[in-house]
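The values are calculated or read from the model by the stated rules, or taken from the named source; none is laboratory data. This is a predicted model, so every value here is computed, not measured. All Cβ positions, even for glycine, are placed from backbone atoms using ideal geometry, and neighbour counts span all protein chains on display. Note: areas computed on protein heavy atoms with side chains; ligands, DNA, RNA excluded. Shrake-Rupley method; radii C 1.70, N 1.55, O 1.52, S 1.80 Å.
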Amino acid sequence: MKIALYCAGTPADCTSLGVSGALFPSVPNLVVSGINMGSNCGYHIVYSGTVAGAREAFLKDIPSVSVSYDWQDTLFSTLSFPVGGKSSVDDFTLAAEACIPIISSILAEVKNKKYPSGCFLNVDLPTNVTQHKVEGAQIVEDDSDHKYLKDGYITVTPLAALSPADVGCHTYFKDWLPSVVDHTSPSAL
């Protein structure tokens, strides 16, 4: 039986309640926070509620990922952001479908006890998610995730609690991500 609950708190509150043992008899294998309306690139990860939801799980030693969709609408286009198109609510379904191979691969790594405990992942999906680029997949190590996102790539950024993830996490995901890329190509969705 699948259960869906609603919590009127912040994403971190929702995560905290969900993993506390108060609602469920066991801890989840993976916490997915999002999909957020708007990207979480560069320094935005510091104050993002979506990232905070994943960070809360990470701080409780539970593998986690935050997911954001680079929503674009008329408001954003008037603020001099480079707009790659106008978003619609249906794009969230496409964004979720694009994340399935990434999340499935994370779950496999968790099950095989290979997923590193020193970080969590932040995934950003481009505005035109159906046409995202997959060539040259790379783990983003600095603020260049915004550039890659605007260029049409799905970005995957390992994070730690309050700082960039340690070198071991970056090395691990640089090896891991290319195996996921084949499953995230637009033709595989």
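Out of the residues in the range 12-31 meeting the condition of being crowded, with 19+ Cβ neighbours inside 10 Å and closer than 18 Å to Cys119 by Cα, tell me which one is nearest to the chain's Cα centre (by Cα).
Filtering the range 12-31 down to residues crowded, with 19+ Cβ neighbours inside 10 Å leaves 12, 14-15, 18-19, 31.
So of that shortlist, the ones also closer than 18 Å to Cys119 by Cα come out as 12, 15, 19, 31.
Numbers: Ala12: 15, Thr15: 15, Val19: 19, Val31: 10 Å.
The selected residue is Val31.
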task: Take the range 104-123 and flag every residue that is farther than 11 Å from Leu159 by Cα, open to solvent by less than 40 Å² (accessible area, probe 1.4 Å) and not hydroxyl-bearing (Ser, Thr, Tyr).
output: Ile106, Glu109, Val110, Pro116
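Before we move on, is Lys133 modelled with pLDDT of 70 or more, farther than 23 Å from Ala52 by Cα and out of contact with any Ser or Thr (no Cβ under 7 Å at 6 or more places or on another chain)? Reasoning before the result, please.
On the way: modelled with pLDDT of 70 or more: yes; farther than 23 Å from Ala52 by Cα: yes; out of contact with any Ser or Thr (no Cβ under 7 Å at 6 or more places or on another chain): yes.
Yes, satisfied.
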task: State which residue pairs qualify: first residue buried (at least 22 other Cβ atoms within 10 Å of the Cβ) and inside the range 153-168, second residue in a strand (DSSP E or B) and modelled with pLDDT under 75 in any location, beta carbons under 8 Å apart, and separation of 6 or more residues or different chains.
output: Pro158/Pro164
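Which ones in the range 47-65 are outside any loop (DSSP other than H, G, I, E, B) and either among the charged types (D, E, K, R) or in contact (Cβ under 8 Å) with a residue 60 or more places away in the chain (or both)? Please lay out each step first, then the result.
Within the range 47-65, the first condition is being outside any loop (DSSP other than H, G, I, E, B), and the residues that meet it are 49-59, 64-65.
Matches in the range 47-65: Val51, Ala54, Arg55, Glu56, Ala57, Phe58, Leu59.
Can you find even one residue in the range 68-90 that is within 20 Å of Ala8 (Cα to Cα), modelled with pLDDT under 95 and open to solvent by less than 80 Å² (accessible area, probe 1.4 Å)? Please lay out each step first, then the result.
Of the range 68-90, the ones within 20 Å of Ala8 (Cα to Cα) are 68.
Next cut, modelled with pLDDT under 95 only: 68.
Subset that is open to solvent by less than 80 Å² (accessible area, probe 1.4 Å): 68.
Checked the range 68-90: at least one residue is within 20 Å of Ala8 (Cα to Cα), modelled with pLDDT under 95 and open to solvent by less than 80 Å² (accessible area, probe 1.4 Å).
Among the residues of the range 51-61, what is the count of those that are under 12 Å from the mean Cα position of the chain (by Cα) and open to solvent by less than 10 Å² (accessible area, probe 1.4 Å)? Working first, answer last.
From the range 51-61, those under 12 Å from the mean Cα position of the chain (by Cα) are 51-55; that's our starting set.
If we keep only those that are open to solvent by less than 10 Å² (accessible area, probe 1.4 Å) as well, we get 51, 53-54.
Of the residues in that region, 3 qualify.
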